[in-house]
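Before any comments, here is the structure.
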Amino acid sequence: MRLEALASQGVHKAETLLGIAYFCGTGTDADYAISRGYFESAAAGGESEPLVYLAWMNCLGMGGECDMAKAEELLRGSIEAADSGDCNVQYALGMAYYLGGVPGGRDLPKSSYYLERAAMNDHRDAQCFLASMYLRGDGVPCDPAKARFLLERAAGNGSAEAAAMLRAQASEEA
């Protein structure tokens with residue numbers, strides 16, 4: 001069954017995934033108003049991950065008005081969910097802090113903190129992105145060994161991007 005059909009039946013995880021697709025423009029054109037609608041419905045149904053994106057959208061006025069008070073409230077809810085161990089929220093928070101989609105703007109120490117937590121919970125996208133940060137020394141110390149460790153874990157978790165980065169590293173070393 002397609003995500004749209006599941007979302008129309010009130011499956012909140014499907015609403016979250018559609019919200020992300022419209023937010024990022026993955027498989028569709030980016031549309032922040034549609035994204036916001038899916039996120040609001042999923043959050044009302046108890047999903048935590050949409051809180052990060054709604055905070056981001058309220059902070060920057062994406063798909064609606066800029067509302068910093070609402071953004072801060074949603075951010076607090078996101079942090080609570082991340083602190084309870086939700087690796088999807090940890091990853092989304094890490095990316096929001098990295099890209100500056102939170103009240104206060106870009107914050108690399110908070111970004112790396114949440115990405116580390118998600119990576120330790122085997123979130124392959126977090127592992128891959130954090131590895132790229134360690135390779136560049138972007139907000140974290142440059143540490144190729146740690147980057148390689150994270151890429152190996154991400155590849156082991158099924159990340160094609162991590163596997164490609166490892167192959168590129170191996171060909172550079174040869």
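With only Lys, Arg, Asp and Glu charged, each at its Cβ (+1 for the first two, -1 for the last two), find how big the charge dipole of the chain is about the Cα centre; round to the nearest 20 debye.
Charge dipole of the chain: 320 debye, to the nearest 20.
Only four residue types carry charge here, +1 at the Cβ of Lys and Arg and -1 at the Cβ of Asp and Glu. Report the dipole size of region 122-174 about the Cα centre in Debye, rounded to the nearest 20.
I would put it at about 40 debye.
What net charge is computed for the residues neighbouring G156, neighbours being all others with C-beta under 11 Å from the C-beta of G156, Lys and Arg scored +1, Asp and Glu -1?
Result for the neighbourhood of G156: 0.
Contour minus end-to-end for E65 and D143, with contour as 0.36 nm per residue of separation and end-to-end as the Cα-Cα distance?
24.0 nm
Among V89, Q9, F39, which residue has its Cα positioned farthest towards the positive end of the charge dipole of the chain, with +1 placed on the Cβ of Lys and Arg, -1 on the Cβ of Asp and Glu, and the dipole taken about the Cα centre?
Of V89, Q9, F39, it is V89.
Taken together, the values in this text are just the output of simple stated rules run on the coordinates, not laboratory data. The structure displayed is predicted, hence computed values, not measured ones. Virtual Cβ from ideal backbone geometry, glycine too; neighbours counted across all protein chains shown.
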